[in-house]
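The values are calculated or read from the model by the stated rules, or taken from the named source; none is laboratory data. Remember, predicted model here, so these are calculated numbers, not experimental data. No Cβ is skipped: glycine too gets one built from the backbone with ideal geometry, and neighbour counts run over all protein chains shown.
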Amino acid sequence: MHKYILASLVALTVASTAYGADLSKEEKKAIKAELKQYKKNPASFKAMMDKNKEDLETAEATINKNKEQINQLTNDFADAQAKLIERGNQLKECQNKPVPKCPEPADPLAAPLTGTVYKVQLGLYKKLDINSDFAKPKVVGFEKTEGMNRYVVNYFDSKEEAEHFAGDLRKLGLKGAFVAKYENGERVFEKVKTKSAVAKKSSKKALKPE
């Protein structure tokens, strides 16, 4: 035990001598006094060495743990950077794609591009032009009512549009064409004013005294 302590003291002495050029006289004196104390009390010297060893081991463990954390952070950063690059490529690819467009609605009056179909011609006119009535596609339908078939043309957003179309149909020879009103899917029957009723009302108004 004493040999171990003496060897350590000698090592400390040699070390202090090696760096003597950097030490002041007071520092040299303090080191020599400390070495004398350790020589007189080997137990305190051993405790000091054990404490230094323990501190060194703790410091090494902390350094190793910090290295592991640094490695983990480095790997996480590399993964995040790779994901960022991937997202950037996806965004660039998305930006380069053409904006999707909704398909144009099929024209119900147009013939299919393939297969054989038939159309019913209502007439051929040179002066009569009702093209504006078909600015929006119209559908001819039917309704069953009291054992009879009612044929209608759907749909019009305003009564004025419907009246205009009905007038054009009458020009085509469909004298019974008129406008019918529907509310919430149900037909609303309104009293139709005939020419005789209008004339009768006008005559009564003319005969009414002032």
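Structure values in brief
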quantity: Per-region count, the range 126-143, residues in contact (Cβ under 8 Å) with a residue 12 or more places away in the chain and assigned to a loop (DSSP other than H, G, I, E, B); calculated: 4
quantity: Inter-residue pairs, beta-carbon under 8 Å, first touching a residue at least 24 places away in the same chain (Cβ under 8 Å) and in the range 47-75, second hydroxyl-bearing (Ser, Thr, Tyr) and in a helix (DSSP H, G or I), 6+ apart; calculated: Met49/Ser8
quantity: Filtered residues of the range 144-180 (kept if of a type in the set (Val, Ile, Thr), out of contact with any helix residue (DSSP H, G or I) (no Cβ under 9 Å at 6 or more places or on another chain) and either surrounded by 13 or more Cβ atoms within 10 Å (Cβ to Cβ) or not in a strand (DSSP E or B) (or both)); calculated: Val152
quantity: Count of the range 95-135 residues which are at pLDDT 80 or above, among the hydrophobic types (A, V, I, L, M, F, W, C) and farther than 30 Å from Glu163 by Cβ; calculated: 0
quantity: Exclusive hit being surrounded by 10 or more Cβ atoms within 10 Å (Cβ to Cβ) and either modelled with pLDDT of 80 or more or among the acidic types (Asp, Glu) (or both), set Asp55, Asp22; calculated: Asp55
